[in-house]
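Enquirer: Structure incoming, see below.
Just so it is clear, none of the values below were taken in a lab; they were calculated from the coordinates. The shown structure was predicted, so the numbers you read here are calculated from the model rather than taken from an experiment. Because the Cβ atoms are built from the backbone with ideal geometry, glycine has one as well, and the counts that use them run over all protein chains shown.
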């Protein structure tokens, strides 16, 4: 039976016995339920006439810069499911986060994968991945600042995304940018989804 050692509004620090009987310490999201994953990750592809681009976020995440991992993170829009509104569904959360973090509405959404653990030795957090395809004309509002976490929103052409990710790992960028693993996973799903749609 797991035990809560300490907690905040959004997190619980817990312990559980490992297979050899020793205590294992981990973090749990307080919005977790058996009905949905902890969070949704939105990989956003924007159509500009006949060209498609990924919309990415440049962020300042305290755990990353506090431990001198990097100055900035590269992420996709994302959000906790049901952290504010009890009973919120995955789709409701996805639409809300898309509007709040990007300003886009009227997207085509595709659920790619769910129950994906983020770091299963550290946390019980799981993710749902959604590909959202929007037209540039669907940019209807100013996105929220997210408390200063989001520094910049920018686009990368779909056919140049691999080279862009590689560039983040060169010697000049390693201590400047860290890209979220969820973002890389979402790009993989979204590229395959777009390929299927364009071939039908």
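Enquirer: For an R0 of 35 angstrom, estimate the FRET efficiency from the Cβ-Cβ distance between residue 198 and residue 141 and round to the nearest 0.05.
Expert: 0.80
Enquirer: Angle between the Cα long axis of helix 181-198 and the longest principal axis of the chain, 0 to 90 degrees, nearest 10?
Expert: 40 degrees
Enquirer: Then there's this: Relative to the longest principal axis of the chain, what angle (0 to 90°, nearest 10) does the C-alpha long axis of helix 90-102 take?
Expert: 60 degrees
Enquirer: Normalised by the number of residues in the range 33-198, what is the relative contact order in percent for Cα pairs under 8 Å and 6+ residues apart?
Expert: In percent, rounded to a whole number, it is 33.
Enquirer: Can you give me the C-alpha center-to-center distance between the range 168-200 and the range 1-77, rounded to a whole angstrom?
Expert: If we compute the Cα centre of each part, the gap is 17 Å.
Enquirer: Once P(r) over Cα pairs in 5 Å bins from 0, in percent is worked out from the coordinates, which option in [x] 1, 7, 14, 18, 19, 17, 11, 7, 4, 2, 1, 0; [y] 1, 9, 18, 23, 22, 15, 7, 3, 1, 0, 0, 0; [z] 1, 5, 8, 10, 9, 8, 8, 7, 7, 7, 6, 6, 5, 4, 3, 2, 2, 1, 0, 0, 0 does it equal?
Expert: [x]
Enquirer: Another question, then. Quickly estimate the mean residue ellipticity at 222 nm for the chain, helices only: each DSSP H run with n ≥ 4 gives -39500 (n - 2.57), and the total goes over all residues, rounded to 500.
Expert: The helix-only estimate for the chain comes to -6500 deg cm²/dmol at 222 nm.
Enquirer: Hey, for a label at residue 8 modelled as a point 7 Å past Cα toward Cβ, could you say which residues of the range 117-145 have their backbone N under 18 Å away?
Expert: 119, 122-126
Enquirer: Here's another thing I want to ask about it. Using a Gaussian network model on the chain with a 10 Å cutoff between Cα atoms, which of 106, 170, 135 fluctuates the most?
Expert: In this elastic network of the chain, the residue with the biggest mean-square fluctuation among 106, 170, 135 is 170.
Enquirer: For each of 151, 158, 40, 176, count neighbouring Cβ atoms within 10 Å of the residue's Cβ, then give the residues from fewest to most.
Expert: 176, 151, 158, 40
Enquirer: A further question follows. Within 10 Å of each residue's Cβ, count the other Cβ atoms and sort 125, 88, 101 from fewest upward.
Expert: Lowest count first: 88, 125, 101.
Enquirer: Given 0.36 nm per residue, what is the gain on full extension from residue 188 to residue 123 after removing their alpha carbon distance, in nm?
Expert: Contour length minus the Cα-Cα distance gives 21.1 nm.
Enquirer: With a 10 Å Cβ neighbour count serving as the proxy for reagent exposure, in which order, fewest first, do 109, 144, 1 appear?
Expert: Lowest to highest Cβ neighbour count: 1, 144, 109.
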